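The values are calculated or read from the model by the stated rules, or taken from the named source; none is laboratory data. For clarity, every value in this text was computed on a predicted model and none was experimentally measured. As a convention, Cβ positions derive from the backbone with ideal geometry for all residues, glycine included, and neighbour counts pool all protein chains shown. Accessible surface areas use protein heavy atoms only, side chains included; no ligands, DNA or RNA. Shrake-Rupley method; radii C 1.70, N 1.55, O 1.52, S 1.80 Å.
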Amino acid sequence: MFIFKISDSERLISTPRTWEWQKLQMRKHRVTKELIEDWQFYKNYLSIESALKDLAEHKIRLSDERLILEAIQDVKKLIERLGKSITDIQKGNQDA
């Protein structure tokens, strides 16, 4: 799980299938009834690109945003190359 700090009271985290924008809020503990700080779901996104775009619309930019987007593009290219390699290997096995 990746966690990107937006501010002291907001963060962007990855979950297995989505990204979540969370905000730190006060709530009552279920048992003790004391007020505690807890990260609460605010909004979710299907990709990091859509999360960063929405944050930018709210005038929020992460300091390493460009690096994140470049890394995502590199990973997508590697996955595409891997897919092509697997296809080529399967074709080679069928021809044999």
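Quick test of your reading of the structure: Leu46 fulfils all but one of (1) open to solvent by less than 100 Å² (accessible area, probe 1.4 Å); (2) within 12 Å of the chain's Cα centre (by Cα). Name the failing condition by number.
With (1) open to solvent by less than 100 Å² (accessible area, probe 1.4 Å); (2) within 12 Å of the chain's Cα centre (by Cα) applied to Leu46, the lone miss is (1).
Could you run through the range 14-39 and say how many residues are closer than 20 Å to Asp54 by Cβ and touching a strand residue (DSSP E or B) at 6+ places or on another chain (Cβ under 7 Å)?
9
Scanning the range 1-22 for residues that are among the aliphatic types (A, V, I, L, M) and part of a strand (DSSP E or B), which turns out nearest to Lys59 (Cα to Cα)?
Per the criteria, the residue is Ile6.
Could you tell me whether any residue of the range 13-20 is free of Cβ contacts under 8 Å to residues at least 12 places away in the same chain and over 28 Å from Asp74 (Cβ atoms)?
No; the residues of the range 13-20 include none that is free of Cβ contacts under 8 Å to residues at least 12 places away in the same chain and over 28 Å from Asp74 (Cβ atoms).
Residue by residue through the range 23-38, note down the ones that are in a strand (DSSP E or B) and open to solvent by 80 Å² or more (accessible area, probe 1.4 Å).
Kept after step one, since they are in a strand (DSSP E or B), are these residues of the range 23-38: 23-28, 35-38.
Scanning the range 23-38 gives Gln25, Met26, Lys28, Leu35, Glu37.
Looking at (1) of a type in the set (D, E, K, R); (2) surrounded by 14 or more Cβ atoms within 10 Å (Cβ to Cβ); (3) closer than 28 Å to Val75 by Cα, which is the one condition that is false for Lys53?
It is condition (2) that Lys53 fails.
Quick check: anything in the range 55-68 farther than 19 Å from Ser14 by Cβ and of a type in the set (D, E, K, R)?
Yes, some residue in the range 55-68 is farther than 19 Å from Ser14 by Cβ and of a type in the set (D, E, K, R).
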